[in-house]
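The values are calculated or read from the model by the stated rules, or taken from the named source; none is laboratory data. The model shown is predicted, which means the values in this text are computed figures rather than measured ones. Neighbour counts are summed over all protein chains in view; Cβ atoms, including those assigned to glycine, are modelled from backbone coordinates with ideal geometry. Side chains are part of the model used for accessible areas, which takes the heavy atoms of the whole protein and leaves out ligands, DNA and RNA. Shrake-Rupley method; radii C 1.70, N 1.55, O 1.52, S 1.80 Å.
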Amino acid sequence: MAVTRYEPWGVISQLQQDINRVFGNLNDGETSSATAQWSPAVDVREYSDRFQLLLDVPGVEPKNVEITLDKGVLTVSGNRGEEKWTGRNGAEQPQQQRLERPLGRFYRRFILPDTVDAENVNASGHHGVLEIVIPKQPKAQPRRIEVK
């Protein structure tokens, strides 16, 4: 008689992955791609002189991120690979693990207004957050007109 070890967390994890696969991106259809395996969360802020996008991409190396701006469409894509973790003795493997952070290709696309200054877009990363600053053209900034 064979003894089979029952892993209740494995069943729950598989169920969660199946539900996420079926219902995961219903409200994100305009930015998804057939090749993307996940989509980072993004905060978009507009100021009087610029737009600011903050993308959550922890564990993604800057060399694995590509940002393009073409015909008013900003595209951010990249890849998060599997991290190699070692235990105390250098090669220890976990007995159990639950992985919630997605791996693989990500992709986001944003349609920008004509008022952006495409030549001066800047991107930087800090603590797993990618910041993209898109300045507005000077003519697009609001101007106060004094009544005489």
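No other residue among 61, 66 is under 14 Å from the mean Cα position of the chain (by Cα), farther than 13 Å from residue 102 by Cα, open to solvent by 80 Å² or more (accessible area, probe 1.4 Å) and modelled with pLDDT of 90 or more apart from 66.
Taking the numbered list (1) touching a residue at least 24 places away in the same chain (Cβ under 8 Å); (2) in contact with a strand residue (DSSP E or B) (Cβ under 8 Å, 6 or more places away or on another chain) in turn, residue 68 passes all entries but (1).
Residues are listed down the side, and each one gets a yes or a no for (1) among the polar types (S, T, N, Q); (2) at pLDDT 75 or above:
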site	(1), (2)
14	yes, no
18	no, no
30	no, no
45	no, yes
77	yes, yes
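Among the residues of the range 106-148, those that are part of a strand (DSSP E or B) and loosely packed, with under 14 Cβ neighbours inside 10 Å comprise 111, 122, 124, 126.
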